[in-house]
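**Q** Sharing a structure with you now.
The values are calculated or read from the model by the stated rules, or taken from the named source; none is laboratory data. Remember, predicted model here, so these are calculated numbers, not experimental data. When we count neighbours, we look across all protein chains shown, and the Cβ atoms used for this are built from the backbone with ideal geometry, even at glycine.
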């Protein structure tokens, strides 16, 4: 991966907070489409969508991070992310309030994650980006979901496809 791509981050908002994800792990950005709820799933899993014939699980990042559930607006969208876990690579849709822009951060503009103590999931925050608009929380896509949750997402397409 070139340095130029590795320094690019897609910024988005959840409630009033700004977050960013490495562009290298973003596959595409979709307008909000109907999400089919799959029974007996955790609250943070909104359901699944049909993405060009492929069943794609969708996670509400607001709920996952303990915020109020996303309120849909014309800016609400689904960011398709690629993640890696012990079972290999997978894709998941992330429901976000709004996508803003791609920013470039140099190493000097990225601070290590804050040491907040209890309640901070290990590896979730990759760092804090310093921008002209203020701080942005850099997320580690591979750590957004715990191992058990990744297994659940890998199984969701099979559940959704069952008549």
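**Q** Name the pairs whose Cβ atoms lie under 6 Å apart, with the first residue in segment 42-66 and farther than 20 Å from residue 98 by Cα, the second part of a strand (DSSP E or B), and 6 or more positions between them or separate chains?
**A** These pairs meet every condition: 55/48.
**Q** Which members of segment 47-66 meet the condition of being at negative phi and either in contact with a helix residue (DSSP H, G or I) (Cβ under 8 Å, 6 or more places away or on another chain) or surrounded by fewer than 17 Cβ atoms within 10 Å (Cβ to Cβ) (or both)?
**A** If the condition is that a residue be at negative phi and either in contact with a helix residue (DSSP H, G or I) (Cβ under 8 Å, 6 or more places away or on another chain) or surrounded by fewer than 17 Cβ atoms within 10 Å (Cβ to Cβ) (or both), then 48, 50, 54, 55, 56, 57, 59, 61, 64 are the ones that fit.
**Q** Given the residues 69, 24, which is the only one that is in contact with a strand residue (DSSP E or B) (Cβ under 9 Å, 6 or more places away or on another chain), closer than 15 Å to residue 142 by Cα and either modelled with pLDDT of 90 or more or surrounded by fewer than 18 Cβ atoms within 10 Å (Cβ to Cβ) (or both)?
**A** 24
**Q** Could you give me the residue pairs with C-beta distances under 6 Å whose first residue belongs to segment 129-151 and is part of a loop (DSSP other than H, G, I, E, B), whose second residue is modelled with pLDDT under 80 wherever it lies, and which are 6+ apart or on separate chains?
**A** Correct list of pairs: 140/123.
**Q** A further question on this structure: Take residue 6 and decide whether it is out of contact with any strand residue (DSSP E or B) (no Cβ under 9 Å at 6 or more places or on another chain) and modelled with pLDDT under 90.
**A** The answer is no for residue 6.
**Q** Which of (1) farther than 16 Å from residue 145 by Cα; (2) in contact (Cβ under 8 Å) with a residue 12 or more places away in the chain is the odd one out, the single condition residue 82 does not satisfy?
**A** Just one mismatch for residue 82, condition (1).
**Q** If you don't mind, another one. Go through the residues of segment 85-101 one by one and say whether even a single one is modelled with pLDDT under 75, crowded, with 18+ Cβ neighbours inside 10 Å and within 13 Å of the chain's Cα centre (by Cα).
**A** Within segment 85-101, not a single residue is modelled with pLDDT under 75, crowded, with 18+ Cβ neighbours inside 10 Å and within 13 Å of the chain's Cα centre (by Cα).
**Q** What's the number of the only condition in (1) in contact (Cβ under 8 Å) with a residue 24 or more places away in the chain; (2) in a loop (DSSP other than H, G, I, E, B); (3) farther than 23 Å from residue 134 by Cα that residue 34 fails to meet?
**A** Tallying (1) in contact (Cβ under 8 Å) with a residue 24 or more places away in the chain; (2) in a loop (DSSP other than H, G, I, E, B); (3) farther than 23 Å from residue 134 by Cα, residue 34 fails exactly one: (1).
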